[in-house]
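Enquirer: Would you mind keeping the following structure in view while I ask a few things?
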Amino acid sequence: LAHTFCTQFQKELQNNIAEDIEAKGTIDCLDFLQSFLNDTPTDFEEITCFRMDQMKPEEQMLLKVASVAGFDQYSISQNLLESVFLAISRSESQDSHVVTEDYGDEGSGDIGYNDEFQVPMSVGGDVPNSVGVSGENKFSYMFQGDYFERTLDSLVAHKFLDEVNVEMSDLSSMDSVMYRFRNQHEQSVINGLMLNDQKKRTHFEVATFYSSSFHRGGDSSLGENDSSSLSTDITSVPSTNWELFHIIALHYDLAYVPIPAMLHYYDSSASLASLGVRDKAHGRLLSAFLMLEKILHHASTLYVKLDEAKEQRRQIAGQIVRTIGNEDLKESMKILTKDHLRLAFDGDIFAFKKSLIMLTKFGQSVGTIEKEGYLFGSEVYLQTILLVLLVVEDEAFANLTLRLGSFLGQLDNSCMKDEAEEDFLSENGSLSSENSSVEEMFDIDDLTISFPAFSGLLTFYRDSPIGANEVQETFLANLFVAVTQEANQMIHVLRTKCILSHLYLKHGNIAKALEECEGIKDIYDHDAHSLELANVYGMDWSLICVATMASTYLFKGQFAAARQNINFLKTQMLKLDEFASSTKAMSKGTISSFYLLLHEFENAAEIASGINATQYGYFFKPIGTLQEELANRELALNQHKIFDSSERDLDLLSILSSDNVHEINHNRGMFPQSAETLSDRGIEAVRAALCSTEIRNLELQSNHNADTVRKQIQYCQAGLAHLNQSLGQKDANNHERLKNHMMCLYQRCHLLCWHHKLFLLLQDNFEDGEINDTLEIRGTEIDSARKSLEECRELSETHQYPFMQLLVGKSLIKLGFDISGGEELIQHALQCIEPSDSEVANSILSRMDDVHVNVGGHTLSLFKPTPCQRGMPSAA
């Protein structure tokens, strides 16, 4: 307000001087101030408008352009303002300098200039070609001499804009000076003075300026990994590719031009992902997804006349997706056909393909980053599959329906095949002949871009509590096999084998699961397949599958085969780039768990080393870091060394003060179930194992008092609470999670025995022997331990897991539950194991004998061995 007063007072003085030289200094300052305050608004927005009214028309217009160009507080250059100002100041009678889409041979998102056409429908349709500026040369004088520079200087003098040193700005430019609004609120007020058409047109011109300047200033095929500064003598662009793409996308978005906005949001995300900035990359993918939603909604509103063949294609595609998703489609998606999509994308199949790639990346991202992201991620994947089925080549679609005929019921496949062979679209009467060639071109002939959607959805169905039934999974797996057969490329064959291996495992066909795994090892070549698998499917799933089947071999007692898998993985660990995907860090944790089961503690600690030091977060990192800590602790305890548990705050006891201590959380995210599926122990089992190490570590300490025993009992209770969360899940003992389930039962038995013995120790040896029975299990531990071990035994015998029988048999002996029964179970297990593996089995038993667990100086045996009568243990 003070600045405005001084400005107006100065103008009044100058006017008086111009009119009468003798009047200089005759204006009373206080009188003018009173008059000024009476006539001038004092509200911030009104003051800004008042100041605007005192400005010249060209200053007002330039300030409005700057409010758009400097959106979100970005710096702006004189070159940018000149170009945009010139473009939007042209008369309505003159065709404006418009942009048409040219996404390149591979849909690269390049935007090129074309002066012969109006703004095309394909980039938004409602971007105005003019903003109501009348008079062809109204602002032409702005570009004469240094008038434009002087106008900019006046905006700085009026304190609307600040000059920014180019080295300190967020842009790179050959201009010596950049500009930024001094006050963000003031910028917002000025922007609010513009008509919507003016804003949209200005945003559009800013976006096209940045896009064209980027490609004129350097190689248009610049890779995503190049984050160097870009600058020329005619432009200013952000210093990193991801930021440039984001600015372009923002302006296209605000111009209501969704297709290029979507493509540039995706490009920004890809650049961020290549730098490892995954949270920001996810945000850009979400923005791209929202743009696609606008495009598809617009497509559903278009009127398209359909013939019988197109209607049948829509119905079959809808039936397939409904079968996979087990729910009805959204109304807008039900309407879509290939013609709707062709019109919405203006026949640009490359932009459509890139939208499919974006969807698969977004599905991967949302499923791993967001809580319960598998729910939304599965919807994204289903949407991708539907769009692919609508636009895939007719012959390929006919082949797919033929292969899936038994699942699709009453479908007349022969009719579909005949029509495909005759190129039935050429007989379509809903389009004129001049458009038929365009329609035929709007086809997807490469199904590989959709494969991550099939793979991701199968992963969600397998690892998340989404509740998919066997019909959904089987149908989806068969559809995935059918589409990969169309492509016939090795990385997709590998991914299909991984899917089938896990699917066989889930439904109890262990032999077939292992057979598919062996097929993977036969054809896998790291140099040819690993990086491409990670790029397309998010991880090298071949190695993940081999690791899962290594523990399956182990539990089946096929130790040589298990060791071959592990050696295969260790060879790949030397080649894997840990920054390409999370495959390396995840596999190291799985291999470490394998070694712990074999009591090979040095190998377990060695392979797990470095998981926690991984420089980026990834989906399985929480269990990986715990696995590394567990391996190090087990190694120390095996060497009778005390470890310092204060070095790592694992928060193991917090569950005792949470709702989960008495309640089972049936709404776990995807991660815990996925870990239980892919490894032999899930995160709850690993936490329980860490609780066990805390108990044993305290046992090694010389100062053993009542507080020490209480702390041990707390860790017992925490470990049991963690195990209950896994054991209490629905379908916790299904085939694919059975290994984890048996290990949880096995661990629960031992923790219950610890709990019982520690309670007795506290009561018998210390005067203050009171302890909080948090889990309310006091007095029931032994019966519960027996039941856990018996259930574990029954499962291992039913499903023929002799390795688990060895563990149960040894526990029956060590705990004194049933010595003769334990010995019989071990002998039975050894008979089930091939002679070539029996030596390994005996060495495992020997290493287990070397592990002595004491409580208060006594071995963890509940009963002293007593003479047996008639081959049965005594009552004791």
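Enquirer: Go through the stretch 35-65 and report how many residues are open to solvent by less than 10 Å² (accessible area, probe 1.4 Å), closer than 13 Å to V189 by Cβ and at pLDDT 85 or above.
Expert: Residues that pass the stated criteria total 1.
Enquirer: Can we say A613 is farther than 29 Å from M848 by Cβ and without any contact (Cβ under 8 Å) to a residue 12 or more places away in the chain?
Expert: Judged against the criteria, A613 is a match.
Enquirer: Here is a follow-up. Looking only at residues in the stretch 535-564 that are open to solvent by 10 Å² or more (accessible area, probe 1.4 Å) and small (G, A, S), which one is nearest to L576 (Cα to Cα)?
Expert: Only one residue fits best here, namely G538.
Enquirer: Consider only pairs whose beta carbons are under 6 Å apart and that are at least six residues apart or on different chains; among these, list those whose first residue lies in the stretch 53-68 and is part of a helix (DSSP H, G or I) and whose second residue is open to solvent by 30 Å² or more (accessible area, probe 1.4 Å).
Expert: That search, which allows pairs on different chains as well, returns S67/N191.
Enquirer: Output yes when any residue across the stretch 314-328 is in contact with a helix residue (DSSP H, G or I) (Cβ under 9 Å, 6 or more places away or on another chain), open to solvent by less than 60 Å² (accessible area, probe 1.4 Å), farther than 28 Å from G283 by Cα and among the charged types (D, E, K, R), and no when none is.
Expert: Within the stretch 314-328 (the criterion being in contact with a helix residue (DSSP H, G or I) (Cβ under 9 Å, 6 or more places away or on another chain), open to solvent by less than 60 Å² (accessible area, probe 1.4 Å), farther than 28 Å from G283 by Cα and among the charged types (D, E, K, R)), the answer is yes, since at least one residue qualifies.
Yes or no, residue by residue, for (1) open to solvent by 70 Å² or more (accessible area, probe 1.4 Å); (2) farther than 30 Å from H502 by Cβ:
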{"site": "S657", "(1), (2)": "yes, yes"}
{"site": "H666", "(1), (2)": "yes, no"}
{"site": "L678", "(1), (2)": "no, no"}
{"site": "R687", "(1), (2)": "yes, no"}
{"site": "Q712", "(1), (2)": "no, yes"}
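Enquirer: Say we look at the stretch 330-340 and pick out the residues that are open to solvent by 30 Å² or more (accessible area, probe 1.4 Å) and not hydroxyl-bearing (S, T, Y); which of these is farthest from V380 (Cα to Cα)?
Expert: Ranking the qualifying residues of the stretch 330-340, first place goes to I335.
Enquirer: Provide a single number: the residues in the stretch 368-393 that are touching a residue at least 60 places away in the same chain (Cβ under 8 Å) and assigned to a helix (DSSP H, G or I).
Expert: Count: 16.
Enquirer: Please work out if K739 is surrounded by fewer than 16 Cβ atoms within 10 Å (Cβ to Cβ) and either under 25 Å from E794 (Cα atoms) or of a type in the set (D, E) (or both).
Expert: No: the conditions fail for K739.
Enquirer: Filter the stretch 354-395 down to residues that are more than 11 Å from the chain's Cα centre (by Cα) and surrounded by fewer than 20 Cβ atoms within 10 Å (Cβ to Cβ), then give me how many there are.
Expert: So the count comes out to 7.
Enquirer: Could you say whether any residue in the stretch 348-367 is touching a residue at least 60 places away in the same chain (Cβ under 8 Å), touching a helix residue (DSSP H, G or I) at 6+ places or on another chain (Cβ under 7 Å) and at positive phi?
Expert: no
Enquirer: May I ask you to list the residues in the stretch 492-508 that are surrounded by fewer than 24 Cβ atoms within 10 Å (Cβ to Cβ) and among the small types (G, A, S)?
Expert: The answer is G508, and nothing else.
Enquirer: Is it the case, given these coordinates, that E770 is within 44 Å of the chain's Cα centre (by Cα) and more than 23 Å from S846 (Cα to Cα)?
Expert: No.
Enquirer: Go through the residues of the stretch 693-708 one by one and say whether even a single one is under 27 Å from the mean Cα position of the chain (by Cα) and not charged (D, E, K, R).
Expert: Taking every residue of the stretch 693-708 in turn, none turns out to be under 27 Å from the mean Cα position of the chain (by Cα) and not charged (D, E, K, R).
Enquirer: Can you run down the residue pairs with Cβ atoms below 9 Å, 6 or more apart or on separate chains, where the first is in the stretch 501-522 and more than 17 Å from F555 (Cβ to Cβ) and the partner is outside any helix (DSSP H, G or I) and open to solvent by 60 Å² or more (accessible area, probe 1.4 Å)?
Expert: From the stretch 501-522, the pairs are L503/N509.
Residues checked against (1) hydrophobic (A, V, I, L, M, F, W, C); (2) surrounded by fewer than 16 Cβ atoms within 10 Å (Cβ to Cβ); (3) at pLDDT below 95:
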{"position": "H735", "(1), (2), (3)": "no, no, yes"}
{"position": "Y746", "(1), (2), (3)": "no, no, no"}
{"position": "H756", "(1), (2), (3)": "no, no, yes"}
{"position": "N765", "(1), (2), (3)": "no, yes, yes"}
{"position": "A785", "(1), (2), (3)": "yes, no, no"}
{"position": "C792", "(1), (2), (3)": "yes, no, no"}
{"position": "F803", "(1), (2), (3)": "yes, no, no"}
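Enquirer: Checking K730 against (1) open to solvent by 10 Å² or more (accessible area, probe 1.4 Å); (2) touching a His at 6+ places or on another chain (Cβ under 7 Å); (3) outside any loop (DSSP other than H, G, I, E, B), which test does it fail?
Expert: (3)
Enquirer: Pull up the stretch 696-710, narrow it to residues that are in contact (Cβ under 8 Å) with a residue 60 or more places away in the chain and either in contact with a Phe, Trp or Tyr (Cβ under 6 Å, 6 or more places away or on another chain) or under 16 Å from L630 (Cα atoms) (or both), then point me to the one that is surrounded by the most Cβ atoms within 10 Å (Cβ to Cβ).
Expert: It comes out as R696.
Enquirer: Of a type in the set (A, V, I, L, M), within 19 Å of M358 (Cβ to Cβ) and modelled with pLDDT of 90 or more: which single residue out of V277, V257 fits that description?
Expert: Going through V277, V257 in turn, the sole match is V257.
Enquirer: Residues of the stretch 506-526 being under 27 Å from the mean Cα position of the chain (by Cα) and modelled with pLDDT of 90 or more, which ones?
Expert: Listed by number, the residues that qualify are C517, I520, Y524, D525, H526.
Enquirer: Can I ask one more? Output the residues belonging to the stretch 68-78 that are out of contact with any Gly (no Cβ under 7 Å at 6 or more places or on another chain) and either aromatic (F, W, Y) or under 17 Å from A249 (Cα atoms) (or both).
Expert: V68, A69, G70, F71, D72, Q73, Y74, S75
Enquirer: Any idea which of (1) surrounded by fewer than 16 Cβ atoms within 10 Å (Cβ to Cβ); (2) in contact (Cβ under 8 Å) with a residue 40 or more places away in the chain is the one L760 doesn't satisfy?
Expert: Condition not satisfied by L760: (2).
Enquirer: Is it true that L343 is open to solvent by less than 20 Å² (accessible area, probe 1.4 Å) and assigned to a helix (DSSP H, G or I)?
Expert: It is false that L343 is open to solvent by less than 20 Å² (accessible area, probe 1.4 Å) and assigned to a helix (DSSP H, G or I).
Enquirer: Taking into account only those residues within the stretch 618-649 that are surrounded by fewer than 16 Cβ atoms within 10 Å (Cβ to Cβ) and assigned to a loop (DSSP other than H, G, I, E, B), which is nearest to the chain's Cα centre (by Cα)?
Expert: That would be D649.
Enquirer: Identify the residue in the stretch 156-215 that is open to solvent by 20 Å² or more (accessible area, probe 1.4 Å) and acidic (D, E) and, among all such residues, is modelled with the lowest pLDDT.
Expert: Across the stretch 156-215, the extreme among qualifying residues is D170.
The values are calculated or read from the model by the stated rules, or taken from the named source; none is laboratory data. Everything numeric in this text was worked out from a predicted model, so none of it was measured. Glycine also receives a Cβ, built like all others from the backbone with ideal geometry; neighbour counts cover every protein chain displayed. Side chains are part of the model used for accessible areas, which takes the heavy atoms of the whole protein and leaves out ligands, DNA and RNA. Shrake-Rupley method; radii C 1.70, N 1.55, O 1.52, S 1.80 Å.
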